[in-house]
Structures are given as structure tokens and as C-alpha cells.
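Derivation of every value follows stated rules applied to the coordinates shown; laboratory data play no part. Keep in mind the model is a prediction, meaning the values are calculated, not measured. All Cβ positions, even for glycine, are placed from backbone atoms using ideal geometry, and neighbour counts span all protein chains on display.
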Amino acid sequence: MKIGIISIMEGYSWGGSEELWVEMALVALANGHQIEASVKHWGTPNSKLDLLKKMGAVIHFRKKSVLQRARNKIAYNLGISSYSSFFDSYVPDLTLISEGSAFEFTKNLYWTNFALDTSFPYCFIIQNVFESESLNNERRKRALSVYKKAKALYFVSQRNIEVVQRQLAYEFSNAIVVNNPVSIPKFKSSLAGLSENDTTINFASVGRLDCHSKGQDILLQVLSMPAWKTRNWHLNIYGIGQDYDHLVKLATFYQVNDKVSFHKYIPATKIWQTNHLLIMPSYNEGTSLALLEAMSYGIPAVSFSFLGINA
């Protein structure tokens, strides 16, 4: 089978949605299928995409040159798009469109009309859902038209299906729950564990630095309260993102900067060698890879009451 993949992720170079479609593509390649993928050009090396290419996939990068921006603007205004825009002469038997979150495509008439005008079958992977998504009637209309036409809608949790159905007042017959990929460790003996001699508990917050979705700002506020300031803890925040500078300033503002450290992403094994507890203050998650990884290592997790997980 010839499979096409279009990732419409625009805000971040990588996330759970990318992990899911890449893992699917690797499985498909291993089973003899052809893969061509269209992704935004970020200008940075990516080992996962390099692995796909090594396995035989063809990757098309959507670059934003001055000429390309002009073409995209015209196409956007006219609602024109085609497979040749993404895959040149390659015509897939099935196209998988990967969204970072539900309704992402409805913000752009270009994507909407591509899905509605094509005669080729497509399906969606929907990684995340915002409980408080602001939808007007036009975006709801676009979403219903595109989602109903899809061969399948792949969600990473049952709750996400229920939220989208509530937001659209429609029950989908083509919605399917799939599992996010997570590597289960073979050995756990080297992981951190509390003992009678421990004087400090190490918390870990793992995820992109995005207060709107991940809620690290709320976590810092909570830990600045008098009851927590007097306790022996240290918070390690792992991730990169647009709110790094803000969170560093916020830690100083709340006077907890001496008890908070910022780190880039590192392998889960290393995280759980030195930390005792996962803290997830996310406002929304599909099915969190960070949570699944921590659980697979036998690490307890604390999530805020508004965490929208129901796998």
C-alpha cells in the first residue's frame, strides 16, 4: 500500500502527535508498505525523520520562502490545494493527516478545502483536545464536513472522543482509540526510590514549556505557598518551549528559584534515576507520554484535578 502522511503541526517542531505517526510509519515500512510524508521545514536536525528515510521513506519539507508564502496566500484565499502540493507525483492509496490537536485544520481554509475537495481517502490522527476550545459556527461546520468524510478518526483516548462529540453535538461512527507509543523499560533497579535517609524529595515536570497547555506556571504558584516553602523538595523541569524565559522569571517572582532547576529533554531512564515523583499540572492531555513512561518505571504521579486524561 502507498501511504501518504501530512503533519499539519505548526506551533512546535515535535510532540506526541509526531511520535505517534512516526511509529506508525516505521511499522508500515517494516511490513512492506511505501511511505511519503509532508512536514513543515524547521531547519533543525531530526533523528526520527532520519530513521524514517533510512528505512526507505521519502520526506517532503514544506519550506516558507517568499515565493512559497505568496503561493500559499493565494491558495489559502482560493481554498486550493492538491496532492502535488505535498507529494509531487506520488498518489497515496490512503493519506493520514496528523493534527497536534482537534480542529487545528479548521483555522486554515487551505487545509479544509484540501480535505473536502480530494477524491482520495484520508483519515486523521488527533493527538490532543482542548476542553475549552473556542469554536464558532463556521469552524464547527468545517470540522463536521471534514471529519465525517474521513475514513477514520484516530484518537488517543476515549475521553477525547467524548469531548469532540460534545463540542460538535455529533456522534462519530468512524472514531477509533489508538495507544500512544511508549517504551516499557526492561530494568528498574537503578531508578530513584525514597529511603529513610532522604532529606529532599525530587519532583519532575516533563513536557514542553507551554503554560497554556502544560500549566507549569500554576505549579510554581502552588509550590510558592507557605505550606510548601517550608518543606524539603526540589523541582526539576524537563523540556523546551516558548515559555522558558517566563517560567525562569516566574520562579524568581515566587521566590522558589533556589528549589527549581530547568533542563532540556533527556531520556526517561535518566530522569527517573534522580527523581521520585512526576507532577503533571497540564490543563489538557491526549494520553500523556510522560505519564505513561513514569508509570512504566513504577514512578508515582500527581496530576491536577483538571487534567483531561481518560484513556
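Some notes on this structure:
- Between Q34 and Q158, the distance separating the two model label sites (each 7 Å from Cα on the Cα→Cβ line) works out to 4.0 nm.
- Cross-link pairs beyond the 20 Å C-alpha cut-off, checked among K2/K63; K229/K249; K229/K270; K214/K249; K48/K214; K107/K148: K2/K63; K229/K270; K48/K214
- Phi-based couplings in Hz for the range 98-115 (Karplus 6.51, -1.76, 1.60; Gly and Pro marked x): 9, 10, x, 8, 4, 6, 4, 5, 6, 7, 9, 4, 4, 5, 4, 6, 4, 5
- FRET E, pair E133, T269, Förster distance 30 Å, beta-carbon r, rounded to 0.05: 0.25
- Working value for the range 1-60: equivalent-ellipsoid semi-axes of 19, 11, 10 Å, each the square root of 5 times a Cα gyration tensor eigenvalue, largest first.
- Interchain or long-range residues, amide H under 5 Å from T95's placed H: G4, Y122, C123
- Cα→Cβ-extended label distance, 7 Å offset, between V58 and K151, nm: 1.9
- For the range 80-177, the equivalent ellipsoid derived from the Cα gyration tensor has semi-axes of 23, 15, 11 Å, listed largest first.
- Net charge of Cβ neighbours under 12 Å - reference Y254; Lys, Arg +1; Asp, Glu -1: +1
- Cross-link reach list, aspartates and glutamates versus K53, counting only Cα pairs under 19 Å and skipping chain neighbours closer than eight places: E18, E19, E23, E36, D88
- Förster radius 45 Å - calculated FRET efficiency between T118 and V248, Cβ distance, rounded to 0.05: 0.50
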